Structure formats: C-alpha cells, structure tokens
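A short write-up of the structure that comes next.
The values are calculated or read from the model by the stated rules, or taken from the named source; none is laboratory data. All values derive from a computational prediction rather than experimental measurement. As a convention, Cβ positions derive from the backbone with ideal geometry for all residues, glycine included, and neighbour counts pool all protein chains shown.
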Amino acid sequence: MAARIVKVDPFDLVVFGGTGDLAYRKLYPALFHRERSGQFSEPTRIVAVSRRRLDRDAFRAGVKDALVKFNAVDDKSAADLERFLARLDYVAADATSDAGWSDLRETLGADERIRAYYLATGPDLFCPIAKRLGAEGLATARSRIIVEKPIGHDGASADAINDDIGSVFPERAIFRIDHYLGKESVQNLMALRFANALLEPVWNNAHIDHVQITVAETLGVEGRGAYYDESGAIRDMVQNHMLQLLCLTAMEPPNSMAADSLRDEKLKVLKALEPIDGSNAAALTVRGQYRAGFADGGPVPGYLHDVGRHESNTETFLAMRIAVANWRWAGVPFYLRTGKRLPQRFSEIVVGFKRVPHVIFDMPSDAVPANRLVIRVQPDEGIKLWMMVKEPGPGGMRLQHLPLDMSFAKAFGMASADAYERLLMDAIRGNAALFMRRDEVEAAWRFIDPVREAWAAMREPPRPYAAGTWGPNASVALIERDGRTWNEEYHDVE
Ligand code: BG6
C-alpha cells in the first residue's frame with residue numbers, strides 16, 4: 001500500500017549543528033526519504049550551518065556518504081539523490097560570535113517563504129542562536145524554530161531557555177521535538193483509543209488494573225558519556241519520552257486533533273501526577289547502573305568505563321510506580337521502566353485489565369490470567385490483545401492465553417516512516433500537535449525535580465546490574481510486591 005503524499009509549500013530548512021551526528025544520522029536521511037516520496041515543492045532549500053570551514057561541495061559529499069552509511073539510498077535512487085544534493089547549501093557560522101552571520105543572511109535572502117531553524121546543537125547554544133536570529137532580523141513572520149530535548153536540566157533552567165527563545169519567537173512558532181511523538185505506533189495509540197468505540201468504556205479504573213510502559217535498549221551510552229552522565233535515565237528518557245507515552249495513554253479524549261486541544265489534555269495528566277519526593281521516593285523508584293556483562297551480541301564493559309569515570313551516581317536504569325490522581329485513574333498504578341544495556345531493544349505500553357470476577361472453570365482463580373493489551377511501539381509495531389481461549393479438542397475445558405495479533409507491517413505491507421520524517425514535515429506545515437508546548441515541559445519538570453532532589457538527599461548509589469540483564473532485582477520487586485509482573489509475553493513469543 002502506498003502512503004498518500006500531501007506536498008508541503010516551498011521552505012528553507014536551516015540546520016544549526018548541520019555537520020553533527022543527529023543531522024547526518026537522522027535529519028538528512030529523513031529529508032531524503034521525503035524527497036523521494038515527492039513531498040517537496042520548488043524551490044525548497046536545506047542550509048546547514050556549523051562552525052567548520054567547509055565548502056558546499058564537500059558538505060554535499062559528506063551528506064551523500066551519510067545517506068549511504070545509514071541505508072537511505074538504493075540502486076533506484078540516483079535521480080532523487082542528485083535532486084536532493086542540489087538543494088543543499090552550507091554556511092560556516094559561529095553561534096557565539098559575529099562570524100558567518102552576514103553570509104547566512106545573504107544565503108537566505110529576503111524571500112518571505114517558510115523558514116524553519118532546526119537547532120541540532122547542544123542545549124547551551126539554543127539561547128545564543130535564538131537571540132542571534134532575532135538580532136539579525138532572521139526571525140521573520142513565517143519563521144519557526146525547532147529545538148531538540150533536553151530543554152533544560154531542571155525546571156528553572158527550562159524556564160530560562162523557554163524565556164529566551166520566547167523573547168524572539170512566539171509560542172506558536174516554537175516546535176519542541178520529542179521524537180517519540182512522531183513514532184507511528186505512538187500516534188496509533190490515539191487511533192486505537194479514539195477511533196474505536198469499543199475501548200473507551202473500559203479505559204478506566206473500573207476495568208483496568210494497571211499500566212506498564214517499558215522502553216528497553218541494548219545499547220550503552222555510545223560516545224555520549226559526557227551528556228549522559230549529567231542526565232541519567234530520568235532526564236534522558238522519563239522527563240520527556242516516557243511521560244509523553246503516559247500522557248497519551250491516560251489523557252481524556254481531546255475534542256479534536258488540533259494542537260492545543262491535544263496538548264491541553266496531556267497537560268492535565270501531567271498536573272495530576274502524584275508527587276514523588278523525599279517521603280516516598282525510596283518506595284516508588286528503583287535506580288540501577290550497568291556493570292560489565294554480555295549485551296548487544298558480545299561482552300561489553302560497564303558504565304564507568306563507558307563514561308571514563310571512577311565513580312558516578314548516574315542511573316542507566318529506572319523503574320517507577322506513578323499514580324495519576326483523577327477519577328479515571330485513581331487506584332491504577334502506572335509502572336515505568338527504562339534502561340540501557342538490557343537484553344532486548346523494545347518499547348511497549350501494556351494495559352493490564354482486571355481479572356474475571358468469578359471463575360466457572362475447574363481451575364484455581366489465579367490460573368486465569370487477565371486480558372492484556374500490548375501496544376508495541378518498536379520494533380515490529382503492532383497491537384496484541386491477550387485473551388483466554390479454549391484449546392481445541394475433546395476432553396474438558398483446557399484454556400490458553402493467546403493474542404489477537406495485529407502487526408502493522410503485515411497489515412499495511414509497508415515499513416513505518418522514521419519519526420523525524422513526520423515531525424519535520426509537520427513543523428514545516430506549522431502543525432504543532434506532536435510537539436511539546438511550554439507548559440507541558442514545565443509540568444514534566446515539576447514532577448521530575450522533586451524525584452531527583454529526593455535521590456540526592458538519600459545519597460544512595462544506583463543498584464548495580466550486569467549488562468544484558470533486566471536491571472536490578474528491586475525493579476522486579478517494585479511491581480511484584482503489588483501482586484503484578486512485568487510483561488514477559490513479548491519476549492516469549494519472538
Ligand atoms: C533519545 C535518548 O532521546 O532517545 C537516547 O537521548 C535514546 O539515549 C533514544 O537511546 C531512544 O530513541 P529510540 O527512537 O531509538 O527508541
């Protein structure tokens with residue numbers, strides 16, 4: 001099945017940090033896929049900006065290499081590749097000095113076309129670049145700015161960044177990326193919840209026992225040690241991606257897909273999270289740090305080796321039990337779990353329903369597992385609804401727990417587009433529905449800051465776990481002491 005392509009108006013995309021890892025690994029491949037699909041209108045340009053002295057041809061050659069390396073090209077893509085490379089331009093400029101800005105102004109010209117400034121730089125450059133764009137008269141009426149996480153390292157620093165960017169660009173022109181929101185199956189969660197009348201009546205504490213959200217990775221910190229050691233799993237994954245998944249699972253139906261309608265509902269969830277602080281953090285959170293072990297197909301060193309430090313209290317694994325204090329979710333725990341160097345890479349949301357109230361079969365009541373709806377975010381995006389069915393054949397009622405299984409790749413006969421493809425095109429269109437609004441970022445930090453403060457006061461180091469295992473045992477205890485278990489079905493079946 002071919003995807004339906006709606007062309008976007010001509011635009012200039014200016015990528016700061018245009019020779020960095022994110023740009024080569026994610027942005028250019030995503031843009032090239034959009035080129036191939038015929039989504040661009042003429043004249044569209046992509047202008048990379050970085051401090052490096054590089055001429056346009058050398059830059060184009062670098063992008064071509066990256067597209068090959070990241071498997072974006074094949075033997076049928078020669079003409080598209082040529083067209084794409086011809087769109088690329090390069091300007092050497094320094095965010096913190098005058099160098100290069102007049103060249104950028106000249107390159108962009110006075111055209112009033114859509115302009116998107118993508119800040120694929122370290123967060124310390126967000127404010128200097130935004131201010132410069134303002135001072136140079138480059139923040140025009142049709143401009144927008146796209147920023148990557150992390151927006152700050154706590155609530156106060158996020159406020160400062162938002163204030164600075166907000167002094168140049170109005171909120172409607174600020175696109176804060178959380179790439180999880182661009183993942184196909186994350187959007188499918190909204191389709192599942194709000195385009196099927198079947199689920200909404202049972203989507204509450206009368207029928208749902210608990211929710212689990214897991215984002216497991218096999219990779220370690222991969223050369224990002226300096227950033228990661230300051231950040232840890234809570235800032236790297238939970239403050240943004242995982243809380244966004246929680247919001248989409250828990251929010252009330254928005255009245256439309258309009259950006260503010262959606263974001264208003266997510267914000268209400270963030271505001272309803274019960275605080276985790278010094279009074280309860282020890283009971284509700286489990287932190288871990290990987291040691292040497294066996295992961296990603298071979299022996300791997302531990303975290304301290306990866307970040308080149310003798311000691312560190314940064315968590316590479318985190319499990320939490322979160323409560324959403326409102327009528328729909330009172331009494332339904334949300335268990336979150338994320339970690340690096342775990343045995344498998346997958347992300348999923350598991351909605352655990354309540355057990356049947358009375359068992360009529362000749363078996364103990366706890367032998368009848370409850371229904372589970374598993375939304376696989378990646379890989380093998382899809383939905384599984386685990387149900388009890390009768391084993392075929394005579395000889396009494398033997399029951400089995402089996403899934404109704406829908407794989408999106410099989411159903412649609414095509415692989416999902418990368419999250420960045422959708423998010424970049426949405427930003428160009430000015431559709432902010434899948435981007436975080438300022439008050440969402442602030443509310444997420446308001447929940448996260450007290451957790452980190454509680455950990456700092458507890459002075460307990462993260463618990464060690466061997467690379468290639470499911471984290472510290474205490475994470476299993478966190479859920480099992482409530483009489484529940486982490487979902488293992490996905491791993492059995494694959
Ligand atoms: C990023 C984190 O935001 O998300 C990384 O900084 C993490 O540490 C990555 O590996 C996970 O994204 P994905 O799309 O591979 O699940």
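A444: closer than 20 Å to A281 by Cβ and either buried (at least 19 other Cβ atoms within 10 Å of the Cβ) or of a type in the set (F, W, Y) (or both), yes or no?
Numbers: closer than 20 Å to A281 by Cβ: yes; either buried (at least 19 other Cβ atoms within 10 Å of the Cβ) or of a type in the set (F, W, Y) (or both): yes.
Yes; evaluated as a whole, the condition is true for this residue.
Looking at (1) more than 22 Å from Y335 (Cβ to Cβ); (2) surrounded by 15 or more Cβ atoms within 10 Å (Cβ to Cβ); (3) in contact (Cβ under 8 Å) with a residue 60 or more places away in the chain, which is the only condition G413 fails?
(2) is the only condition that G413 fails.
Looking only at the stretch 173-202, count how many residues are touching a residue at least 60 places away in the same chain (Cβ under 8 Å), out of contact with any helix residue (DSSP H, G or I) (no Cβ under 9 Å at 6 or more places or on another chain) and not hydrophobic (A, V, I, L, M, F, W, C).
So the count comes out to 0.
Please give the number of the condition G393 fails out of (1) surrounded by 13 or more Cβ atoms within 10 Å (Cβ to Cβ); (2) free of Cβ contacts under 8 Å to residues at least 24 places away in the same chain; (3) not basic (K, R).
All conditions are met except number (1).
For the stretch 163-269, give me every one of the helices (runs of 4 or more DSSP H) that falls completely inside it and has 1 or more residues that are more than 16 Å from the ligand (Cβ to nearest atom).
In the stretch 163-269, the matching helices (runs of 4 or more DSSP H) lie at 184-194, 243-250.
Give the residue, chosen from A173, A191, A216, A139, that is over 22 Å from G430 (Cα atoms) and not acidic (D, E). I'd like the intermediate steps shown before the answer.
Numbers: A173 fails: over 22 Å from G430 (Cα atoms); A191 fails: over 22 Å from G430 (Cα atoms); A139 fails: over 22 Å from G430 (Cα atoms).
Selected residue: A216, the only one of A173, A191, A216, A139 that is over 22 Å from G430 (Cα atoms) and not acidic (D, E).
Quick check: anything in the stretch 342-358 more than 18 Å from N205 (Cα to Cα) and touching a Gly at 6+ places or on another chain (Cβ under 9 Å)?
We begin by selecting, within the stretch 342-358, every residue more than 18 Å from N205 (Cα to Cα); these are 342-348, 358.
Checking the rest, the ones that are also touching a Gly at 6+ places or on another chain (Cβ under 9 Å) come to 342-343.
Scanning the stretch 342-358, I find at least one residue that is more than 18 Å from N205 (Cα to Cα) and touching a Gly at 6+ places or on another chain (Cβ under 9 Å), so the answer is yes.
Those residues that are part of a strand (DSSP E or B) and within 14 Å of the ligand (Cβ to nearest atom), I need them from the stretch 376-391; list them, please. Walk me through how you get there before you give the answer.
As a first pass, look at the stretch 376-391 and keep what is part of a strand (DSSP E or B): 376-378, 382-390.
Within the stretch 376-391, R376, V377, Q378 meet the criteria.
Limited to the stretch 303-358, what total is found for residues that are among the basic types (K, R) and farther than 18 Å from A467 by Cα? Outline the logic, then answer.
Initially, the stretch 303-358 is screened for residues among the basic types (K, R), giving 309, 321, 328, 337, 340-341, 345, 354-355.
Those still in the list that are farther than 18 Å from A467 by Cα too: 321, 328, 354-355.
The total comes to 4.
Whether any residue in the stretch 134-156 is more than 19 Å from the chain's Cα centre (by Cα), modelled with pLDDT of 95 or more and farther than 30 Å from R53 by Cβ is what I want to check.
Yes: the stretch 134-156 contains one or more residues that are more than 19 Å from the chain's Cα centre (by Cα), modelled with pLDDT of 95 or more and farther than 30 Å from R53 by Cβ.
Taking only the stretch 59-112 into account, find how many residues are part of a helix (DSSP H, G or I), among the hydroxyl-bearing types (S, T, Y) and free of Cβ contacts under 8 Å to residues at least 12 places away in the same chain.
So the answer is 1.
V351 - would you say it is touching a strand residue (DSSP E or B) at 6+ places or on another chain (Cβ under 7 Å), part of a loop (DSSP other than H, G, I, E, B) and either more than 16 Å from the ligand (Cβ to nearest atom) or closer than 17 Å to T249 by Cβ (or both)? Explain how you work it out, then say what you get.
Values: touching a strand residue (DSSP E or B) at 6+ places or on another chain (Cβ under 7 Å): yes; part of a loop (DSSP other than H, G, I, E, B): no; either more than 16 Å from the ligand (Cβ to nearest atom) or closer than 17 Å to T249 by Cβ (or both): yes.
It is false that V351 is touching a strand residue (DSSP E or B) at 6+ places or on another chain (Cβ under 7 Å), part of a loop (DSSP other than H, G, I, E, B) and either more than 16 Å from the ligand (Cβ to nearest atom) or closer than 17 Å to T249 by Cβ (or both).
Name the pairs: first residue in the stretch 205-224 and over 20 Å from N240 (Cβ atoms) and of a type in the set (S, T, Y), second residue crowded, with 21+ Cβ neighbours inside 10 Å and at pLDDT below 95, Cβ to Cβ under 9 Å, at least 6 apart or on different chains?
Sorted first by the residue in the stretch 205-224, then by its partner, the pairs are T218/A295.
Mind listing whichever residues of the stretch 307-338 are acidic (D, E) and surrounded by fewer than 23 Cβ atoms within 10 Å (Cβ to Cβ)?
Here is the first cut: in the stretch 307-338, the ones acidic (D, E) are 311, 315.
Of everything in the stretch 307-338, just one residue is acidic (D, E) and surrounded by fewer than 23 Cβ atoms within 10 Å (Cβ to Cβ), namely E311.
Identify, please: which residue in the stretch 327-348 is over 19 Å from T285 (Cα atoms) and among the polar types (S, T, N, Q) and is, among those, farthest from the ligand (Cβ to nearest atom)?
Ranking the qualifying residues of the stretch 327-348, first place goes to Q344.
Filter the stretch 118-142 for residues that are farther than 18 Å from L27 by Cβ and not in a helix (DSSP H, G or I) and give the result.
E136, G137, L138, A139, T140, A141, R142
Got a sec? Which of R224, R287 is under 26 Å from H310 (Cα atoms), touching an Asp or Glu at 6+ places or on another chain (Cβ under 6 Å) and not β-branched (V, I, T)? Steps first, please.
Details: R224 fails: touching an Asp or Glu at 6+ places or on another chain (Cβ under 6 Å).
Exactly one residue qualifies, and that residue is R287.
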